[in-house]
Amino acid sequence: MPASIEKQVEKLREQLRYHSYQYYVLDDPDIPDAEFDRLYKQLLVLEEKHPDLITVDSPTQRVGSTPLTAFNQIQHQMPMLSLDNVFNEEDLQAFNQRIQDRLKISDEIEYTAEPKLDGLAISLRYEDGVLIYAATRGDGATGENVTQNIRTMQSVPLRLLGNNFPQVLEVRGEVFMPKTGFEKLNRLARQNDEKEFANPRNAAAGSLRQLDPEVTAKRPLSLYCYSTGVVEGGSLADTHYEILQQLKGFGLPVCNEIKCLHGVKACLAYYQDISDRRDELPYDIDGIVYKVNAIELQQRMGFVARAPRWAIAHKFPAQEEISRIIEVDFQVGRTGAITPVARLEPVFVGGVTVSNATLHNMDEIRRKDVRVGDRVIVRRAGDVIPEVARVVPGSRKKSLPEIQMLTSCPVCQSAIEQIEGEAIARCTGGLYCQAQRAEAIKHFASRKAMDIDGLGDKLVEQLVDEDLIHTPADLYQLSIEALASLERMAKKSATNLVNALESSKHPALSRFIYALGIREVGETTAMNLANEFKTLSAIQKSEFEQLLEVQDIGPIVAQHIVNFFQQPHNLDVIEQLLSAGIEVQDVKQLAADKRLDSNFFGKTVVITGTLPIMSRDEAKDKLLAVGAKVTGSVSAKTDYLLAGDKAGSKLTKAEKLGVQVIDEATMLTLLNK
Ligand code: 9MJ
């Protein structure tokens, strides 16, 4: 065989090792995946032609062909230690004090702080840089030989990089499944009607215990190394932190959150920082590990039973605990969403006592098959609302009735709607429901709705809290005196507000419809409804089939509209608004004919910058009234860009795309033609 082929094979392997290292260890790939695949294929082809060149540490040799019947045992030459735990600052201080006392050091101790991964501890043995075996921790003295499976993990080097490693090097670390990989795996399991894993830890354990390495190879497992075992024929640095950097240099993955810190105070700050970012980390952790950094000091400390005296795990409070469901209530949110809530026997979880947990919606209740009386796992992760995660398997001793959704709102008794294909059920009494009134009134008063000047969100909250208004109609009964009696409300502003309410009494039909806050009825839909039906009473009486005829209205929106006008309470509020003197402006027949002739009918317009006379909203109203579509961003579909002063990126984009740019005067001319 020509020496050049051997050289070529070795060169390809080196390249592949280097790029795997860039990708898996440094998280900094420097070639595209496709290029990596090409190099890999080249190596495969050469090895197929020259099988005698295949070595056990070749990147092509990750997945062995024969499934095992059982795992062999491996005796750890040096025991694999576990860690003692603390759960609070006091016990961490005591740990630090013990170290200072024992070492007779009064200065602050230098520690490394590392996220405590929630996976499986593993020991990798390298001889002359080649991976010889991988074993689980087992009981610390004897573990299982999982080499076949560990070899399938792309982040585990089959051969170490460089040549500065000790002749024998045992590396310890944690095998884990990143959150995204776990979710993907469970999604697949769901699709195939297979059993899901309860958490990433179980998924990692289950994946490593596969007898067939082909299965493990498909599982998204990762590794972070955090210490060493036997080291022979060479030496490592004299601090834990530097050793980890050396491991990284050998091509082994090391967590990049690991830090070197002085004293307990810094450790606590690190704990807090990681705790705050816990949800954003791509992997599950259950605490922080602090280790005395100097190896010499570690050796002076030694270890007790199975745990080193020089390290401690500072655990986060458990995020899952068991409790029992006493009752299920339904809550109405500020937007009408109905949420089933489990009342629980109080349980301490995630650092607080929890007696209520969300069940999200009826689909979730059915999926998890939760019933009143069940023993359940309650989960509180970070600042997220506590939830019922699942029923404790096998805990239901007698048959229990299924949980039923309410048919009417527990707050206002309006009908509850659940649109097909949506998980959330909602109260339809939007204008009347006391759970929704603040949101309904804020929307009603907003600029694009009734545009009531001086009635901001804060003031609405204040009026609702003081029980001065229950529905939007009550706004029109407010007196200057009543308003002026509110905190931070001067007589002048009260007078201004009453005047603003007065001048809001002649809204265009489209504004009024939009102001009612019907679900999914935005400005454009409201405008389409107004143009189609012309009067408020025609819209109120419209039927599902008729609504489907209207531009941009599909079955979901049509159903929301029908449901809204079927609620007697909503109709009462509309009646009260009309009695309070609101005169909704019908759409004139003439205007409709004019619309069709308009230059803007059916055209898509974007408005940007400051117009000389009109506000952008006024211009928008005018354009919508003649059948234009007004959108927010410029694209190839835009017909006109109406540009005022200080038009920025939208103008640049329009010019690039060749969209016709017009100013306010041109718009007015075109409108009047
Ligand atoms: C985990 N689980 O992340 C150790 N660990 O050190 C870290 N575990 C450990 N260190 C000595 N980061 C024994 C166990």
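Can you tell which of 475, 463, 455 is within 24 Å of residue 505 (Cβ to Cβ), surrounded by 16 or more Cβ atoms within 10 Å (Cβ to Cβ), modelled with pLDDT of 95 or more and not charged (D, E, K, R)?
Values: 463 fails: modelled with pLDDT of 95 or more; 455 fails: modelled with pLDDT of 95 or more.
Going through 475, 463, 455 in turn, just one is within 24 Å of residue 505 (Cβ to Cβ), surrounded by 16 or more Cβ atoms within 10 Å (Cβ to Cβ), modelled with pLDDT of 95 or more and not charged (D, E, K, R): 475.
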Can you list residue pairs whose Cβ atoms sit under 6 Å apart, with the first residue in the range 83-99 being farther than 10 Å from residue 315 by Cβ and the second being in a loop (DSSP other than H, G, I, E, B) and more than 16 Å from the ligand (Cβ to nearest atom)? Count only pairs 6 or more apart in sequence or on different chains.
99/109
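For the range 490-532, which positions are touching an Asp or Glu at 6+ places or on another chain (Cβ under 7 Å) and part of a loop (DSSP other than H, G, I, E, B)? Explain how you work it out, then say what you get.
Just the residues of the range 490-532 that are touching an Asp or Glu at 6+ places or on another chain (Cβ under 7 Å), to begin with: 500, 504-506, 509, 514, 524-525, 528.
Once the filter is applied, which keeps residues that are touching an Asp or Glu at 6+ places or on another chain (Cβ under 7 Å) and part of a loop (DSSP other than H, G, I, E, B), the range 490-532 yields 504, 505, 506.
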Single unsatisfied condition, residue 111 versus (1) in contact with a helix residue (DSSP H, G or I) (Cβ under 7 Å, 6 or more places away or on another chain); (2) touching a residue at least 24 places away in the same chain (Cβ under 8 Å); (3) more than 22 Å from residue 225 (Cβ to Cβ)
(3)
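Per-residue answers, yes or no, for (1) of a type in the set (Gly, Ala, Ser); (2) within 16 Å of the ligand (Cβ to nearest atom); (3) under 23 Å from residue 250 (Cα atoms):
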position	(1), (2), (3)
113	yes, yes, yes
129	yes, no, yes
138	yes, yes, no
163	no, no, yes
169	no, no, yes
179	no, yes, no
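Checking the condition of a type in the set (Gly, Ala, Ser) and either within 23 Å of residue 583 (Cα to Cα) or crowded, with 18+ Cβ neighbours inside 10 Å (or both), which residue from 421, 430 passes?
Working: 421 fails: either within 23 Å of residue 583 (Cα to Cα) or crowded, with 18+ Cβ neighbours inside 10 Å (or both).
Result of the check over 421, 430: 430.
Please indicate, with yes or no, whether at least one residue in the range 348-367 is acidic (Asp, Glu), part of a loop (DSSP other than H, G, I, E, B) and free of Cβ contacts under 8 Å to residues at least 60 places away in the same chain.
Initially, the range 348-367 is screened for residues acidic (Asp, Glu), giving 363-364.
Of the ones still in play, those that are also part of a loop (DSSP other than H, G, I, E, B) are none.
No - not one qualifying residue is present in the range 348-367.
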Being over 40 Å from the mean Cα position of the chain (by Cα) and either outside the structural domain of residue 122 (by TED's automatic domain parsing) or on the phi < 0 side of the Ramachandran plot (or both) is the filter here, so list the residues in the range 80-107 that pass it.
97, 98, 99, 100, 101, 102, 103, 105, 106, 107
Answer yes or no as to whether residue 182 is over 21 Å from residue 227 (Cβ atoms) and crowded, with 17+ Cβ neighbours inside 10 Å.
yes
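Quick check, is residue 238 among the acidic types (Asp, Glu), exposed (fewer than 15 other Cβ atoms within 10 Å of the Cβ) and either under 30 Å from residue 89 (Cβ atoms) or touching a helix residue (DSSP H, G or I) at 6+ places or on another chain (Cβ under 6 Å) (or both)? Don't jump to the end; show me each part of the working.
Working: among the acidic types (Asp, Glu): yes; exposed (fewer than 15 other Cβ atoms within 10 Å of the Cβ): yes; either under 30 Å from residue 89 (Cβ atoms) or touching a helix residue (DSSP H, G or I) at 6+ places or on another chain (Cβ under 6 Å) (or both): yes.
Spelling it out, residue 238 is indeed among the acidic types (Asp, Glu), exposed (fewer than 15 other Cβ atoms within 10 Å of the Cβ) and either under 30 Å from residue 89 (Cβ atoms) or touching a helix residue (DSSP H, G or I) at 6+ places or on another chain (Cβ under 6 Å) (or both).
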Among the numbered criteria (1) assigned to a helix (DSSP H, G or I); (2) free of Cβ contacts under 8 Å to residues at least 12 places away in the same chain, which single criterion is violated by residue 201?
(2)
Within the range 628-664, take every residue that is of a type in the set (A, V, I, L, M, F, W, C), touching a residue at least 24 places away in the same chain (Cβ under 8 Å) and not in a strand (DSSP E or B) and give me the one that is surrounded by the most Cβ atoms within 10 Å (Cβ to Cβ).
628
Is it the case that some residue within the range 618-641 is in contact with a Leu (Cβ under 8 Å, 6 or more places away or on another chain), among the polar types (S, T, N, Q) and either farther than 30 Å from residue 440 by Cβ or at pLDDT below 90 (or both)?
yes
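Name the residues in the range 288-307 that are more than 18 Å from residue 104 (Cα to Cα) and either polar (S, T, N, Q) or surrounded by 17 or more Cβ atoms within 10 Å (Cβ to Cβ) (or both), would you?
First, pick out the residues of the range 288-307 that are more than 18 Å from residue 104 (Cα to Cα): 288-290, 304-307.
Selection gives 288, 289, 290.
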Are there any pairs with C-beta distances below 8 angstrom linking a residue in the range 301-316 that is farther than 18 Å from residue 268 by Cβ to a residue that is of a type in the set (A, V, I, L, M) and within 11 Å of the ligand (Cβ to nearest atom), with the two at least 6 apart or on different chains, and if so which?
303/81; 306/81; 307/81; 307/83; 308/81; 308/83
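Residues checked against (1) of a type outside the set (Gly, Ala, Ser); (2) buried (at least 16 other Cβ atoms within 10 Å of the Cβ); (3) within 26 Å of residue 518 (Cα to Cα):
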site	(1), (2), (3)
328	yes, yes, no
331	yes, no, yes
340	yes, yes, yes
347	yes, yes, no
350	no, yes, no
354	yes, yes, no
370	yes, yes, no
Looking at residue 121 and the list (1) closer than 21 Å to residue 68 by Cβ; (2) crowded, with 23+ Cβ neighbours inside 10 Å, which single condition is not satisfied?
(2)
Just give me the residues in the range 600-627 being in contact (Cβ under 8 Å) with a residue 24 or more places away in the chain, of a type in the set (Ser, Thr, Tyr) and either surrounded by fewer than 21 Cβ atoms within 10 Å (Cβ to Cβ) or part of a loop (DSSP other than H, G, I, E, B) (or both), in sequence order.
604, 610
Long-range neighbours under 7 Å by Cβ, at least six apart or interchain, first residue assigned by TED's automatic domain parsing to the domain that holds residue 121 within the range 264-286, second of a type in the set (Val, Ile, Thr) and in a helix (DSSP H, G or I):
282/180
Output for the range 506-520, where each listed residue is modelled with pLDDT of 95 or more and surrounded by fewer than 21 Cβ atoms within 10 Å (Cβ to Cβ):
none
Listing of helices (runs of 4 or more DSSP H) fully contained in the range 224-333 that carry 1 or more residues being modelled with pLDDT of 95 or more, within 11 Å of the ligand (Cβ to nearest atom) and closer than 15 Å to residue 115 by Cα:
240-249
Checked the range 157-173 for anything assigned to a strand (DSSP E or B), surrounded by fewer than 23 Cβ atoms within 10 Å (Cβ to Cβ) and not basic (Lys, Arg); matches are 168
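The values are calculated or read from the model by the stated rules, or taken from the named source; none is laboratory data. Note that the structure is a prediction, hence the values are computed from the model and not measured. Positions of Cβ are generated from backbone atoms using ideal geometry, with glycine treated the same way; all protein chains shown enter the neighbour counts.
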